[in-house]
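Student: Take a look at the following structure, please.
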Amino acid sequence: MEALATAVARLLIRGGWLVGLVVLETLLLTGFWLAGPTPFGDAFDRRAAEADLLLLTLTSLPTLFAGALLSSGDREDGMGDFYRSCRISPTTQVMGTLIGQLSVMGMALVVALVFSLALVTPSVLLTSSFATSLGLALLSTAVHGAWGLAMGSWLRSRWSAVAGALIFWLLTVFALEALITALLGVLPARWTFPVLGTFLVADPSQFVRVSSVFFRGQGWAYGPAFAPVREFLATPPGWALFSFAAAIHLVVPTGLSILGWKRRSR
Amino acid sequence: MSRRLGLHHVTKTYGTKPALSGATAHWEEGAIVALVGANGGGKSTLLKMLSGVIQPDAGSIEGLDEFTMASMPDRLAFSRGWTAADWLAMVAAWKKAPRSRVREVLAEAGLDDARNKSVAAFSQGMVRRLLYAQTRLTPADLILLDEPEGGLDPEWTVRLEGELDRLRAEGKTVIFSTHWLDFAVEKADKLCIFAGGKIVAQEEAAVWRILDSSTRRQNLVEWIQVEP
């Protein structure tokens, strides 16, 4: 697995992903910090919420694309078949690819985030708010990378995998949110908590984004029904539950990827 | 006791299309077997099954676990970032081969000067040599080669013939597919003729050696056309 992860990381670096992402993310983030008053202050404000949104939008699309391209590329190029002939199991292949991908995408994110903040307001690098955002952005990278791999292992070609990744991104980042918001307007009030709660936990993009809000002790906009959730998340069992849910968001797409490759070997 | 590789009514279907049906054959350890026949006849499907890439839908393959296997695929496209040395180093890590073997097999394949170049820029023949080189990283006693001669220039074609002689001298079992009938007849012990997803004939290569090239081809075409 280690050899494969190293090889995947090397391929992404040589393919220009690392440099491209660092430049893109640094430019966007620096511009964002320069436009706003105090990014990542200890208090959670509108700008911090926007920063989270920007980070999650930034991290999710490239990682979805990279995962989809890596996995569908292995399929189209015949590398997946070659792994099997070398007795590399689908599990090792998927885990190695995911780790290699995350190491590069995560590195790009950390470099861009630290560099852009160091340019504008270096003091915020030491705040807990920054640590929360960075941690959740890395989680978003992992979750979306895993979904990208899952799509690449099931769809027929690179093009269909990229198209699938784009549709997934539009759906989870924008379309589902609009749909749920519209739905809540017509549903009875007692349905608000179960519908919104299910959506916020099940949608990987929203799960990471909303966790970021709740971890900062905020989220009044979701209504009083979510106050206990916010308080619960601040406790050790709440952390355990969050970690479990985060693990599910990683395990489901990873499992689907492995299943996709196993299906091909049958 | 000599080991044996056996196929018992091995069948593989993709969707509704049978890629291989009812393949039955037995090969002794040390045999050199050439799989010849029509495109889509089932040769690559059988090699993929022997190398563990796919599993049969029905039937069984006996004795495979008793061999250590090395396999050369017919097709592998490389992303732009792969160099020959990096790719072989990764395969060497999987096969637990010493790192020093990478340089050795690169030199054997005549790729030492190109070791740090992108494989995507290699000619077809260079890719074939690289794919063959990875089979040499660790000792194996069953060698599976899918169209090993494809894209090789005359010099490396002669070297490939020499490689098969060397493998024979070392007592290795070799199963290779090819469209180059004379090469199969001259280098193999047995010819396994495929058509329409079936093994239509199994012949001793020695019998074909007395025929001239043109008659061999004519015989092969006739076998393919009598596909059951």
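The values are calculated or read from the model by the stated rules, or taken from the named source; none is laboratory data. Owing to the predicted nature of the structure, the values given are computational and were not obtained by experimental measurement. Methodologically, a virtual Cβ is constructed for each residue, glycine included, from the backbone with ideal geometry; neighbour enumeration extends over all protein chains shown.
Student: Every residue in the stretch B:195-209 that is in a helix (DSSP H, G or I) and touching a helix residue (DSSP H, G or I) at 6+ places or on another chain (Cβ under 7 Å), please.
Tutor: B:ALA205, B:TRP208, B:ARG209
Student: Enumerate the helices (runs of 4 or more DSSP H) found wholly within the stretch A:174-266, keeping only those where 2 or more residues are away from chain B (no Cβ under 14 Å), of a type in the set (A, V, I, L, M) and buried (at least 19 other Cβ atoms within 10 Å of the Cβ).
Tutor: In the stretch A:174-266, the matching helices (runs of 4 or more DSSP H) lie at A:192-202, A:204-215.
Student: Could you tell me which of the residues A:LEU113, A:LEU119, A:LEU134 is more than 21 Å from B:GLN134 (Cα to Cα), crowded, with 21+ Cβ neighbours inside 10 Å and either at pLDDT below 90 or within 14 Å of chain B (Cβ to nearest Cβ) (or both)?
Tutor: The conditions single out A:LEU113.
Student: So which residues in the stretch B:161-196 are surrounded by fewer than 21 Cβ atoms within 10 Å (Cβ to Cβ), among the aliphatic types (A, V, I, L, M) and touching a Lys or Arg at 6+ places or on another chain (Cβ under 9 Å), if there are any at all?
Tutor: Correct list: B:LEU181 only.
Student: May I pose another question? Spot the failing condition for A:GLY15; the list is (1) within 14 Å of chain B (Cβ to nearest Cβ); (2) modelled with pLDDT of 90 or more, and only one is missed.
Tutor: (2)
Yes or no, residue by residue, for (1) among the aliphatic types (A, V, I, L, M); (2) facing another protein chain (nearest Cβ under 10 Å):
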position: B:ALA38; (1), (2): yes, no
position: B:GLY42; (1), (2): no, no
position: B:SER51; (1), (2): no, yes
position: B:ILE61; (1), (2): yes, no
position: B:SER71; (1), (2): no, yes
position: B:ALA92; (1), (2): yes, yes
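Student: From the residues in the stretch A:80-110 that are more than 30 Å from B:TYR132 (Cα to Cα) and crowded, with 18+ Cβ neighbours inside 10 Å, which one is nearest to the other protein chains (Cβ to nearest Cβ)?
Tutor: A:VAL104
Student: Just need a number here: residues in the stretch B:73-90 that are of a type in the set (S, T, N, Q) and more than 7 Å from every other protein chain (Cβ to nearest Cβ).
Tutor: Qualifying residue count for the region: 1.
Student: Just give me the residues in the stretch B:94-105 being within 11 Å of chain A (Cβ to nearest Cβ), basic (Lys, Arg) and without any contact (Cβ under 8 Å) to a residue 24 or more places away in the chain, in sequence order.
Tutor: The answer is none; no residue qualifies.
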